[in-house]
Amino acid sequence: MTTSVRVRFDASLWQLPSSEGQSQAYERTPAPDFGVQRWRPASLQHQQDGRIHRLSGQTMGTHWSLRLVNPDYLPTEPVLSLLEQVFEDVIAQMSNWESDSLITRFNRSRPGDVHVMPAEFAHVLEAALHWARLSGAAMDPCMGALVSLWGFGPRQNPLQPHRGQTPPGDEIQRLLQASGCRHLRWNAQTRQLQQSGGLELDFCGIAKGFAVDWAVQKLQAAGWAAGLFEIGGELRSWGQRPDGRPWQVQLGMGGSTEAEPLIVACREGAFATSGDFWHQFTHAGKRYSHTLDPRTGWPVEHDLASVTVFHEECMHADALATVLTVLGPQQGMDFTLQHGIAAVLTSHLASDGNETRRQVIKTPAWINQFEA
């Protein structure tokens, strides 16, 4: 673990989504496409501007990219070092794929063992527990054992295709009873986490969004006034372009070829997309999503192909995209109305059942934010 000075993260630095917000109409120009399933490094900058510097690389099993407003043409090596430190710290704390990460050490520890977690780990865990409570356990960071049972957790060869088999029903039920937030022994004040026995944490539905937020906050603290940062399709913007216009991004639509792409203008805020267009498998003619419903222990079975959420912070957009994906079209829409969430829900089928088209539903908060 690094001993470098960390950016402070606590409850005072984030808040619940609000249905209130001011929206503005801007002229739309060609936008970079950050749809996860259509992401291409070459598409990050359609409109060339020498004052916007572009950096990219790989982390957490995916690509990252940064568009940084740099009118003075300052060297970017410190920026790369800053980002690499953020990636290393997040992976060292929250990656289930690393054998010596903090989360893996906890998952493998003996019953009764107590672990004192760093502030960043605690911040992510508290946010995940918040949305777990609010959504009726549609999100649960304590389901790592079930994720692994279904073959979506860490494995020796990450590039190896899914085995294409469903686990035994009795094993699903056994781990469902042994997993979940109700077994978590967590003291938020002291940041002490005690292993209750076989409990496995999994931050895959929120850690990547947190990494985006942490990187952006460090860039801001270093004096960078504007930029657009993205990890695997989860992105956050701050400030504005050199020409005074907001950032414009083209968001994914769950692999749809029929629906018009979502192009939005954003000065400050974050987007996250959750969907089953990549991680899925088919067994005995039935399609299984990688998104598990923590309430049943089985993959979700509704018709949602993808969910895109806007929030002030990427960590919460990431978590909410997972929540809505689990809740499904109707319950998910009800949840967005109750909490004023700006989101776009895309179904596999159109309302008339046509498999070649998708049904795209935008929440009122989304329309007010980007289309009013």
Carbon plus sulfur, as percent of the 1.4 Å-probe accessible area of segment 68-191, comes to 51 percent
Cα extents of segment 298-339 along the principal axes, largest first, in whole Å, come to 29, 20, 15
For Arg182 the rounded accessible area (nearest 10 Å², probe 1.4 Å, non-protein molecules ignored) is 150 Å²
Counting only protein heavy atoms and rolling a 1.4 Å probe, one gets per residue an accessible area for segment 95-150 in Å² of 37 Å²
Here the gain from full extension of Trp97 to Ala221, 0.36 nm per residue of separation minus their alpha-carbon distance, amounts to 41.7 nm
Note, segment 203-216: 3J(HN,Hα) by Karplus (6.51, -1.76, 1.60, θ = phi - 60°), whole Hz, Gly/Pro = x, goes 9, 4, x, 8, 5, 5, x, 4, 4, 4, 4, 5, 4, 5
Two pseudo-spin positions, 7 Å from Cα along C-beta at Arg182 and at Asp334, lie apart in nanometres by 2.1 nm
Dimensionless Rg/Rh of segment 53-165, both radii on Cα and Rh by Kirkwood, sits at 1.05
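The values are calculated or read from the model by the stated rules, or taken from the named source; none is laboratory data. Keep in mind that what you see is a predicted model, and the values were worked out from it rather than measured. In this analysis, Cβ positions are derived from the backbone assuming ideal geometry, glycine residues included, and neighbour counts consider all displayed protein chains. Please note that ligands, DNA and RNA were not included when accessible areas were found on the heavy atoms of the full protein model with its side chains. Shrake-Rupley method; radii C 1.70, N 1.55, O 1.52, S 1.80 Å.
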